[in-house]
Amino acid sequence: MSLYFERRQVVVPGDLLAEGNYRNGNGTFKELGKIFASVIGLAVVKGNVIHVVPLEGVYIPKAGDEVIGKIVDVSLTTWQVDIKSPYFGVLHASNAVDLPFNPLRTNIRRYFDLGDTIFAEVISFDRTRDPVLTTKGKGLGKLRGGKLVEVFPTKIPRLIGRKGSMISMIKRETGCKVVVGQNGMIWISGRTSEDEELVVSAIRKIEREAHTSGLTDRIRELIKESGRKNDEN
Amino acid sequence: MMKTHQIISEIEREHIRSLVKKGLRIDGRSLDDFREIQIKTGVVEKAEGSAEVQLGNTKVLAGIKAEIGPPFSDTPNNAVVTVNIEFIPLASPLFESGPPGEAAIEIARVIDRGIRETKAIDLKSLCIIPGDKVWVIFVDIYILDHDGNLFDASSIGALAALLTTKIKKTNVQNGEVELLDELQPLSIATKPISTTFAKIRDELLIDPSLIEESVADARLTITHDSDGNLCAMQKGGKGSFTLESILKAVDIARMKSEEIREKI
Amino acid sequence: MTRINQNSYERLIDENEIRIDGRKLDELRPINIEVGILTNAYGSALLHHGKNKILAAVFGPRELHPRHLALPDRALVRCEYRMTTFSVEERKSPAPSRREIELSKVIRESLEPAIFTHLYPRTSVDVFIEVLQADGGTRCDGITAASTALADAGVPLRDLVVACAVGKVEGHILLDLDDIEDKKGEADMPIAILPRNKEVTLLQMDGQLSREEFQRALDLAIKGCEQIHEMQKEALRKKYSEIQEEVLEELNEFSEKEENQD
């Protein structure tokens, strides 16, 4: 058994990572008993599994993910939703509307129209068919007002923080509602646009400098400080 | 070709519109702020002149080629200038392969008018044999990255490239044209600069970014020459402008065009 | 019209086996690769190679238009190789030429073997190559730039793809022909490989080579590709080494988190 990379080294497609009794995880592939990187990223070994944590790439939906999307097409009984992925989300009226309705009499645009932004859950997806969404569920549905921010999907766990610690702190300190989609879309709604801007700068800071210790504290500092400035003005 | 279908989220639209009401923009600019302009010339040595222009995240590459060809029959003593713009799919998911569509042709023609009407290039000096052989100057502009205001980025690119253009001197003997190794710059009389506005909520936003363009009701491009005279204008988009707002735009455009001209 | 100097050289290689631009027979022109220079594209690369300037951009995997082209079991790879009108001595017409259409096809087929297309059924991976300035060997540079852009886009690849041309000029086997050598030489052979297993994914040849010359040319091409491959990897790592520091810290926290959960 041999490893051919330094701990968390940047690897590029085709780089030999390991040989012998290892299993290949995400961002890698196996060929004749050897494990190679398939994407640009950081090589990591966990137990006997080799991964490459990607530094680039598109969002691929997973059942159970909550995503923010934009309605880009409406037919008689379904909406097509842009969820910043190579695959459009499909939302059937039956997964959005409680009452049984006759599509010939009721125009589903009454519920969601082109350009509307929704918060939805992915019910199923296997790449052979488009991901099926639902807006039935707590907190799901149309997002009104506020603003949208987009970040790289791999930054999302960092933004949420350990057991949601980061995101709850941001919400608490700014008084804004913040909805985070696994697809990298974030919706923010506050009392004033200054409050919303504060959340945006916090998100940008998290995106930029994800240092080990004390990021949560530093974000809290940032919010408090700007909050004071806003109050003085 | 440009996809006609681009759906802007209602949230983004409302956000931009509510900021404009307060005189603000999503990227922090004021309504009459241009994005940063960077110009690099001489980037393609095989072209007779070239310039790469970056306007915020919008990036264009302009190149000049010169050939000897026949003049137009109604202007036998004048060189020929053609402006062509390519919206290549490398620049934006909104662009598709194929010959220039109406949006690209519109920009090319407005730039062409800006150059032609101001007599920016001394076309007579590029006539070789009257009625028979003149220089044909091709201005080709490629959009490399599209983040709005292709009008101004392209017109700055075209001008910067023309200003660095050098063509061969010629010698005519017995109706035969001989190309000499010695190079001459084009004689540029004036520097036409275009300034483009987007109209959102009755306000005029200078140098609109792509998202602002998608939300805008209408667009207005105003070109001034070096003396501060108007030399080309073009209104676009489905909305309209009031007379007052046009006059106001003209005043702002004249000021801004002077600032930009200094950078070229 | 402005084809200067090309005929004024009697010989392209002197008695000391030095080429007119001062290179040795097995020497590449200087190469520089910049990664991620465009904002709209998912991935991009700008390759300077001698006087060649090649820009490549990748969009995808993305929703495929028109949808009826979608493949049920893999992504559709599309490629467009184009030259700007001012990239060559005489202005090129902006309409795609037969040459550009053929090269688009062979370049696509040189990249496809590297791409794990089955991971993204029904989508497209669109590769655009724009030759900003051409001086011989642009299809090879297009391939190298495109595969760098694919990696920058995060598209899963079996390997990078790297290409260079070899040929025969005045009886000598040469690496990396420039435009004059290409036009005046006896043979030209562009090759692309997957460097890890030395699998050939592009092979074209025109001119005349003996069996023995072909073998030598092939060996030389592989050596050239290996050098370019190192520069390609270096350029990619360079862009991401800055990000590395940040993500490293981030990962530390995640592993702590996961360990806590375990």
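Quick look at the numbers
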read-out: Any hit, segment A:144-154, residues being assigned to a helix (DSSP H, G or I) and buried (at least 19 other Cβ atoms within 10 Å of the Cβ); value: yes
read-out: Condition met for A:Lys84 (within 13 Å of chain C (Cβ to nearest Cβ) and surrounded by fewer than 19 Cβ atoms within 10 Å (Cβ to Cβ)); value: yes
read-out: Test set (1) more than 30 Å from C:Thr117 (Cα to Cα); (2) out of contact with any helix residue (DSSP H, G or I) (no Cβ under 7 Å at 6 or more places or on another chain); (3) part of a strand (DSSP E or B) - A:Gln80 fails condition number; value: (1)
read-out: A:Glu56 over 24 Å from B:Glu12 (Cα atoms) and within 20 Å of the chain's Cα centre (by Cα); value: yes
read-out: So A:Gly41, is it free of Cβ contacts under 8 Å to residues at least 60 places away in the same chain, within 13 Å of chain C (Cβ to nearest Cβ) and surrounded by 20 or more Cβ atoms within 10 Å (Cβ to Cβ); value: yes
read-out: Filter result for C:Lys239 (surrounded by 14 or more Cβ atoms within 10 Å (Cβ to Cβ), among the charged types (D, E, K, R), under 30 Å from A:Lys155 (Cα atoms) and modelled with pLDDT under 80); value: no
read-out: Positions within segment B:180-202 being more than 18 Å from B:Phe241 (Cα to Cα) and hydrophobic (A, V, I, L, M, F, W, C), in sequence order; value: B:Leu180, B:Leu183, B:Leu186, B:Ile188, B:Ala189, B:Ile193
read-out: Residue in segment C:121-144 that is part of a helix (DSSP H, G or I) and more than 21 Å from C:Ala221 (Cβ to Cβ) present; value: no
read-out: Residue check for B:Ile68: within 25 Å of C:Ala45 (Cα to Cα) and in a strand (DSSP E or B); value: no
read-out: Hits in segment A:59-77 - residues which are more than 23 Å from the chain's Cα centre (by Cα) and not in a strand (DSSP E or B); value: A:Ser75, A:Leu76, A:Thr77
read-out: Of all residues making up segment B:210-243, the number that are over 15 Å from B:Ile200 (Cα atoms) and in a helix (DSSP H, G or I); value: 1
read-out: Residues satisfying the stated conditions in segment A:115-167, i.e. of a type in the set (A, V, I, L, M) and in contact with a Phe, Trp or Tyr (Cβ under 9 Å, 6 or more places away or on another chain); value: A:Ile118, A:Val132, A:Leu133, A:Leu140, A:Leu143, A:Leu148, A:Val149
read-out: Some residue of segment B:9-22 being of a type outside the set (Ser, Thr, Tyr) and over 20 Å from B:Leu210 (Cβ atoms); value: yes
read-out: Residue satisfying all of: in segment A:39-53; part of a loop (DSSP other than H, G, I, E, B) and over 22 Å from the mean Cα position of the chain (by Cα); farthest from C:Phe116 (Cα to Cα) among these; value: A:Gly47
read-out: Pair list, Cβ < 8 Å and 6+ apart or interchain, from segment C:221-241 residues that are touching a residue at least 24 places away in the same chain (Cβ under 8 Å) and within 12 Å of chain A (Cβ to nearest Cβ) to residues that are of a type outside the set (Gly, Ala, Ser) and part of a helix (DSSP H, G or I); value: C:Gln232/C:Thr144; C:Gln232/C:Thr148; C:Ala235/C:Thr148; C:Leu236/C:Thr148; C:Leu236/C:Asp152; C:Lys239/C:Asp152
read-out: Subset of segment A:19-38 that is at the interface with chain C (Cβ under 9 Å from one of its Cβ atoms) and free of Cβ contacts under 8 Å to residues at least 24 places away in the same chain - its residue that is surrounded by the most Cβ atoms within 10 Å (Cβ to Cβ); value: A:Phe36
read-out: Set C:Arg78, C:Arg74, C:Arg91, C:Arg98: member being surrounded by fewer than 24 Cβ atoms within 10 Å (Cβ to Cβ), within 11 Å of another protein chain (Cβ to nearest Cβ) and under 22 Å from the mean Cα position of the chain (by Cα); value: C:Arg78
read-out: Subset of segment B:64-120 [surrounded by fewer than 18 Cβ atoms within 10 Å (Cβ to Cβ), charged (D, E, K, R) and within 12 Å of another protein chain (Cβ to nearest Cβ)]; value: B:Glu67, B:Glu96
read-out: Selection from segment C:16-41 of residues that are closer than 29 Å to A:Gly57 by Cβ and either among the acidic types (Asp, Glu) or out of contact with any Lys or Arg (no Cβ under 8 Å at 6 or more places or on another chain) (or both); value: C:Ile31, C:Asn32, C:Ile33, C:Glu34, C:Ile37, C:Thr39, C:Asn40, C:Ala41
read-out: Residue satisfying condition, being away from chain A (no Cβ under 14 Å), among the charged types (D, E, K, R), on the phi < 0 side of the Ramachandran plot and crowded, with 19+ Cβ neighbours inside 10 Å, within set C:Arg211, C:Arg158, C:Arg139; value: C:Arg139
read-out: Count - residues of segment A:131-158 that are more than 14 Å from chain B (Cβ to nearest Cβ), of a type in the set (Val, Ile, Thr) and within 13 Å of A:Val180 (Cα to Cα); value: 3
read-out: Yes/no for A:Val151 being modelled with pLDDT under 90 and touching a Gly at 6+ places or on another chain (Cβ under 8 Å); value: yes
read-out: Complete set of residues in segment A:113-130 that are touching a Pro at 6+ places or on another chain (Cβ under 8 Å), part of a strand (DSSP E or B) and closer than 13 Å to A:Phe88 by Cβ; value: A:Val122
read-out: Any hit, segment B:124-132, residues being more than 27 Å from B:Ile7 (Cα to Cα) and polar (S, T, N, Q); value: yes
read-out: Test: residue in segment B:159-181 that is at pLDDT 95 or above, under 19 Å from B:Asn57 (Cα atoms) and among the small types (Gly, Ala, Ser); value: yes
read-out: Scan of segment B:25-61 for residues that are over 26 Å from C:Thr84 (Cα atoms) and assigned to a strand (DSSP E or B), ordered by number; value: B:Ser30
read-out: Sole exception among (1) more than 28 Å from B:Lys40 (Cβ to Cβ); (2) crowded, with 24+ Cβ neighbours inside 10 Å; (3) of a type outside the set (Asp, Glu) for B:Cys127, by number; value: (2)
read-out: Strands (runs of 3 or more DSSP E) contained in segment C:1-94 and holding at least 1 residues hydroxyl-bearing (Ser, Thr, Tyr); value: C:43-49, C:76-83
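Conditions tested, residue by residue: (1) of a type outside the set (Lys, Arg); (2) surrounded by fewer than 23 Cβ atoms within 10 Å (Cβ to Cβ).
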position: C:Arg11; (1), (2): no, yes
position: C:Gly22; (1), (2): yes, yes
position: C:Glu27; (1), (2): yes, yes
position: C:Gly60; (1), (2): yes, no
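For (1) within 30 Å of C:Glu170 (Cβ to Cβ); (2) within 20 Å of the chain's Cα centre (by Cα); (3) touching a residue at least 40 places away in the same chain (Cβ under 8 Å); (4) within 11 Å of another protein chain (Cβ to nearest Cβ), each residue gets a yes or a no:
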position	(1), (2), (3), (4)
C:Leu12	yes, no, yes, no
C:Glu15	yes, no, no, no
C:Arg19	yes, no, yes, no
C:Ile33	no, yes, yes, no
C:Ala56	no, yes, yes, yes
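The values are calculated or read from the model by the stated rules, or taken from the named source; none is laboratory data. Just so you know, these numbers come straight off a predicted model, no measurement behind them. Glycine gets a Cβ as well: all are built from the backbone with ideal geometry, and neighbour counts include every protein chain shown.
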